[in-house]
Amino acid sequence: MKTIFLDRDGVINRNPPNWGYVQTWAEFDFIPNTLKAIRDLTGNGYRIIVVTNQAGIGRGLFSEDNLKDIHSRMVAKIMDAGGRIDAVYYCPHHPEAGCECRKPKPGMLMCAADEHNIELSNAYLIGDSITDIEAGQRAGTRTLLVLTGHGQESYHHYINTKPDGGTDKNGCHPEKIFTNLYAATRWLIKNDT
């Protein structure tokens, strides 16, 4: 089965201002056409797994129960729109905790691959940040950057570095760049064989 890993904040929903955190369902705002994109991916046989850093838990800003409520409601809204999320993986740790799951480390992707029998070299990760792209590449997936969320900042990072890793300390660049998840979905459905 074809698999898409999606980052959450900045890909599925709008980022809160000033690098904040979505702490309640009332703060969760789907990016336009995201529900349609996920519906179309589902309808074309993709398994969709969300992988998201949620350091707000480690920072004591909201609880794991709050996050589970947000994810439950997100999945329900996606289902109501005709899409499906097969699993949600999240890193609740503080950025300085040194865990193996926080992107750019590939821990969430590796865990999902083990639990869902995913061939990572045939999977895609779609994200809006350098850490998403790096996590996908470390795990061995193909990577797509979207310009929503923090994507514009990430894009400027990429255009100011060399594809061969010249001035880029980690040398990672996405395979393709799209304006949003819906545009990436249109490309995948047409070109992923």
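The values are calculated or read from the model by the stated rules, or taken from the named source; none is laboratory data. Fair warning: this is a prediction, and the values are worked out from it, not measured in the lab. Here the Cβ is made from the backbone with ideal geometry for all residues, glycine too, and neighbour counts use every protein chain on show.
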Just need a number here: residues in region 4-31 that are out of contact with any Pro (no Cβ under 9 Å at 6 or more places or on another chain), modelled with pLDDT of 95 or more and within 18 Å of PRO95 (Cα to Cα). 2
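Is it the case, given these coordinates, that GLU119 is out of contact with any Ser or Thr (no Cβ under 7 Å at 6 or more places or on another chain), exposed (fewer than 13 other Cβ atoms within 10 Å of the Cβ) and over 23 Å from THR141 (Cβ atoms)? Show your work before the answer.
On the way: out of contact with any Ser or Thr (no Cβ under 7 Å at 6 or more places or on another chain): yes; exposed (fewer than 13 other Cβ atoms within 10 Å of the Cβ): yes; over 23 Å from THR141 (Cβ atoms): no.
Answer is no for this residue.
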State all residues of region 51-86 that are free of Cβ contacts under 8 Å to residues at least 12 places away in the same chain and touching a helix residue (DSSP H, G or I) at 6+ places or on another chain (Cβ under 8 Å); if no residue qualifies, say none. SER63
Result of the Cβ filter at 6 Å on region 129-151, keeping first residues that are in contact (Cβ under 8 Å) with a residue 40 or more places away in the chain and partners that are in a strand (DSSP E or B) and of a type in the set (Val, Ile, Thr), at least 6 apart or interchain, is ILE133/THR143; GLY136/THR143; LEU144/ILE126
How many residues are more than 26 Å from ASP65 (Cβ to Cβ) and touching a Leu at 6+ places or on another chain (Cβ under 6 Å) if we restrict to region 81-123? 1
Inter-residue pairs, beta-carbon under 6 Å, first of a type in the set (Lys, Arg) and in region 22-44, second part of a loop (DSSP other than H, G, I, E, B), 6+ apart: ARG39/ALA81; ARG39/GLY82; ARG39/GLY83
